[in-house]
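Readers should treat all values here as calculations from the given coordinates under stated rules, not as data from a laboratory. Since the structure is predicted, the reported quantities are computational estimates derived from the model, not experimental observations.
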Amino acid sequence: IPSVLSPSPQNITMKFTIVAALVASASAWTAPKRFELPASVKAAVTGAAVTAGVAVSPAFAGDVGAGEQVFNANCAACHAGGQNVIMPEKTLEKEALEQYLAGGRNEKAIITQVTNGKNAMPAFGGRLSDEDISNVASYVIATSEAGWDE
C-alpha cells in the first residue's frame, strides 16, 4: 500500500494542526450581534487549538516577536511561510509586497491592509488590537527582509 493511503502520525498531527489553525482563525471573525457562540463551543475551539500548538491568546510584548505570535494565531492559515494559499502570486515576500501592496512595502501599508482587508483577505480591525496589528506589520516587514522559512 502506498504511504499516501496509510497516514503517519506526523501526517495526522500536521492535518490536525492545520484544521485547528483554521478553526482558531475562523473563530476570530466577527459574528453578527444577534449570534453568540455557546461557551462550550468557544472552550472546545480553544482547547483544540491549544492541543495542536496554535497560539490563541494575544501577545503582550510589543515587537517583532509579539507580531510573530499574532501572525501564527491569525494569519498563518493562509500565509504560512510568507505564502498565500488564496492568491499564490501575492505572497509576503519582499518583492511581492513591493509590487502588490497598496502604498508599497512598509508598515503603514501593511497596517492598512490588515485593518481593512482587501479582496479575499478579511479585515482584522476590530478583531485584533491596534497594537497587535502594528506588531504583525513589524513582523511581516522584518521577516520579508530576512527571508521566510518555508
Item checked: Stretchable slack from ASN119 to GLU107, in nm (0.36 nm times residue separation minus alpha-carbon distance) -> 2.4 nm
Next item on the list: Please give the contour-minus-distance gain from ALA142 to GLN99: 0.36 nm per residue of separation, less the Cα-Cα distance, rounded to one decimal in nm.
Entry: 13.8 nm
